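Worksheet: one structure, shown below.
The values are calculated or read from the model by the stated rules, or taken from the named source; none is laboratory data. All values derive from a computational prediction rather than experimental measurement. All Cβ positions, even for glycine, are placed from backbone atoms using ideal geometry, and neighbour counts span all protein chains on display. SASA here: full protein model, heavy atoms, side chains in, ligands and nucleic acids out. Shrake-Rupley method; radii C 1.70, N 1.55, O 1.52, S 1.80 Å.
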Amino acid sequence: EMAKAFEEFRREVWIMSGLSHPNVLPLCGFCFDPCCIVTEFLEKGNLYNYLLEPKNTITWKTKVSIAYDIA
């Protein structure tokens, strides 16, 4: 299944290279050995971990706004 994984990686790079939106983390680069996608550094980490962190209290309005931006 290495061929399938590599094809998925190539597709992700292709998709990210065509995106330009303030709510999407821009693609800075990529490499093949190992397969890595390089993006800007996010000081607060990724959204998933941020949302799971108990110390981050997020209002319902903010959660809806985040969901809207993702969609």
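Results, tabulated for the structure shown:
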quantity: DSSP-assigned coil residues among trypsin sites (Lys or Arg not before Pro) in the chain, each with at most 15 further Cβ atoms within 10 Å; calculated: Lys44, Lys55
quantity: For Thr39, distant residues with modelled amide H under 5 Å away; calculated: Cys28
quantity: Cα-based Lys pair tally, the chain, threshold under 26 Å, eight or more apart or on separate chains; calculated: 4
quantity: Karplus 3J(HN,Hα) series, Hz, for the stretch 6-13 with 6.51 cos²θ - 1.76 cosθ + 1.60 (x for Gly, Pro); calculated: 5, 5, 5, 4, 4, 5, 4, 4
quantity: Net charge dipole size for the chain [Lys, Arg +1 and Asp, Glu -1 on Cβ; Debye, nearest 20]; calculated: 340
quantity: With DNA, RNA and ligands ignored, accessible area of Ile37 (1.4 Å probe; Å², nearest 10); calculated: 60
quantity: Helix-only [θ]222 nm of the chain, DSSP H runs n ≥ 4, -39500 (n - 2.57) each, per residue, nearest 500; calculated: -14000 deg cm²/dmol
quantity: Hydrodynamic radius by Kirkwood, which averages 1/r over all alpha carbon pairs of the chain, in angstrom; calculated: 14.5
quantity: Derived scalar couplings ³J(HN,Hα) [the stretch 32-45; Karplus, 6.51 cos²θ - 1.76 cosθ + 1.60; whole Hz; x for Gly, Pro]; calculated: 9, 9, x, 5, 9, 10, 9, 10, 5, 6, 9, 4, 9, x
quantity: Exposed-loop-free span, longest in the chain, where GluC sites (Glu not before Pro) count as exposed if DSSP calls them loop and at most 10 other C-beta atoms lie within 10 Å; calculated: 2-39
quantity: 0 to 90° range, to nearest 10: angle between helix 60-70 axis and the chain longest Cα axis; calculated: 20
